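Inspection log for the structure reproduced underneath, given as structure tokens.
Only the coordinates and a few stated rules stand behind these numbers; no lab work does. As the structure is a computational prediction, the values presented were derived from the model and not from experiment. Glycine also receives a Cβ, built like all others from the backbone with ideal geometry; neighbour counts cover every protein chain displayed.
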Amino acid sequence: MNFQWYPGHMTKAKRAMQEDIKLIDVVIELVDARIPYSSKNPDIDELAKNKARIILLNKYDLADPTHTKEWKTWYEEKGYFVALVNSKRGTGVKAVHEVIKEACKEKIERDRRRGILNRPVRAMIVGIPNVGKSTFINSFAGKACTKTGNKPGVTKGKQWIRLNKSVELLDTPGILWPKFEDQRVGLRLALIGSIKDEILNITELSFELIKFLRDNYKNVLEKFYEIEYYENEIDTLTAIAKKRSCIQKGNELDFDKAAGILMDDFKSGRLGEITLELPEEEE
Ligand code: G4P
């Protein structure tokens with residue numbers, strides 16, 4: 001399967017982010033805990049150099065806890081401060097305040113030596129589309145999220161959300177686009193639902209998921225759908241289609257429908273906690 005997806009406004013967004021980052025002390029980057037490598041855009045390393053860096057492994061509720069731990073260590077060894085969050089539920093979100101303090105320790109100390117006291121740390125959220133930026137900001141900022149100004153016709157200044165006396169958050173997240181040069185990255189982004197469905201062949205995609213699960217999460221499909229084990233992905237999808245009565249006109253099996261059901265069960269976490277890539281593959 002070939003993945004191509006280049007939004008036209010990419011360059012403009014990148015330029016805007018370059019400007020925003022100048023105002024920032026710490027960049028908080030969200031990645032999807034199921035694909036912590038493929039959901040990270042490497043451009044941000046260049047844009048955010050010399051800034052304190054935090055990686056949030058978001059949607060950790062959907063990922064395999066053993067691998068999430070490995071990824072946390074992997075990023076920590078690369079110099080990032082790392083935390084696990086489930087932005088939808090709010091789990092781990094409060095703890096991010098401590099991580100910010102830790103990541104900005106040097107800056108706070110430097111300010112103190114210069115006699116600057118209580119200057120809030122300025123933070124910005126970045127990440128690829130659908131990784132959970134808005135959900136995280138809503139959960140992190142809570143009631144403080146009431147925005148000021150920005151009425152139509154009024155000068156569009158930067159809007160900051162004052163979280164407490166020590167942190168201010170830029171209210172608009174920086175959107176980064178994933179890197180598509182590596183086809184494996186494209187495939188994994190498609191599997192978690194970060195590429196628009198219209199440009200994908202859902203049945204082919206479901207075959208990739210079936211192959212991956214067969215090799216890495218033995219029997220998960222057999223147990224969940226109460227089907228037999230098949231070596232071949234077509235046979236597995238056929239069994240799912242029969243089990244879920246995916247029938248189209250002419251009494252034929254509807255493979256697209258069965259593939260849709262399978263993809264939804266995976267994306268929503270109903271198949272269990274699953275991680276699609278491991279740190280050692282990326283070394
Ligand atoms: P974005 O701003 O980065 O584009 O992402 P956004 O916050 O819109 O979140 C994208 C989807 O991911 C949303 O689901 C959101 O609920 C879900 N999400 C965000 N954080 C988490 C998390 O930690 N765990 C889980 N399981 N899901 C998370 P949606 O399907 O678009 O909406 P809804 O069905 O939740 O209403």
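Taking other C-beta atoms within 10 angstrom as a stand-in for reagent exposure, I108, I28, I234 fall in the order I234, I108, I28, fewest first. For the range 177-233, the set of GluC sites (Glu not before Pro) satisfying both a DSSP loop assignment and a count of at most 12 other C-beta atoms within 10 Å is given as E181, E226, E228, E231.
Computed from the C-beta positions of E98 and K78, the FRET efficiency with R₀ = 35 Å rounds to 0.95. Taking the Cα centroid of the range 181-195 and of the range 205-283, what is the distance between the two, rounded to the nearest whole Å? Cα centroid to Cα centroid, the span is 17 Å. Stretched out fully, how many nm does the piece from K249 to Y217 gain, at 0.36 nm a residue minus the Cα gap? Net length gain for the segment: 8.1 nm. The length gained by stretching the chain between N118 and Q159 to full extension, at 0.36 nm per residue less their Cα-Cα distance, is 12.8 nm. Where the centre of each part is set by its Cα atoms, how far does the range 17-59 sit from the range 72-105, in angstrom? So the separation of the two Cα centres works out to 12 Å. The alpha carbons of the range 201-282 occupy a box of 48, 25, 22 Å along the principal axes, longest dimension given first. Under 18 Å from the 7 Å Cα→Cβ point of K49, by amide nitrogen: which residues of the range 76-109? Hits in the range 76-109 for K49 at 18 Å: 78-80. The alpha carbon radius of gyration of the range 10-175, expressed as a multiple of 2.2 N^0.38 Å, is 1.02. Taking trypsin sites (Lys or Arg not before Pro) across the range 74-131, the ones in a DSSP loop with at most 12 further Cβ atoms lying within 10 angstrom of their Cβ are K78, R89, K94, R114. Direction-averaged projected area, Cα convex hull, the chain: 17.9 nm², rounded to one decimal. Take each peptide in 213-220, 126-133, count the other Cβ atoms within 10 Å of every residue, and average; sorted highest first, the result is 126-133, 213-220.
Ranking L56, N201, I28 by Cα position along the charge dipole of the chain, where only Lys, Arg, Asp and Glu carry charges on their C-beta atoms, puts I28 farthest toward the positive end.
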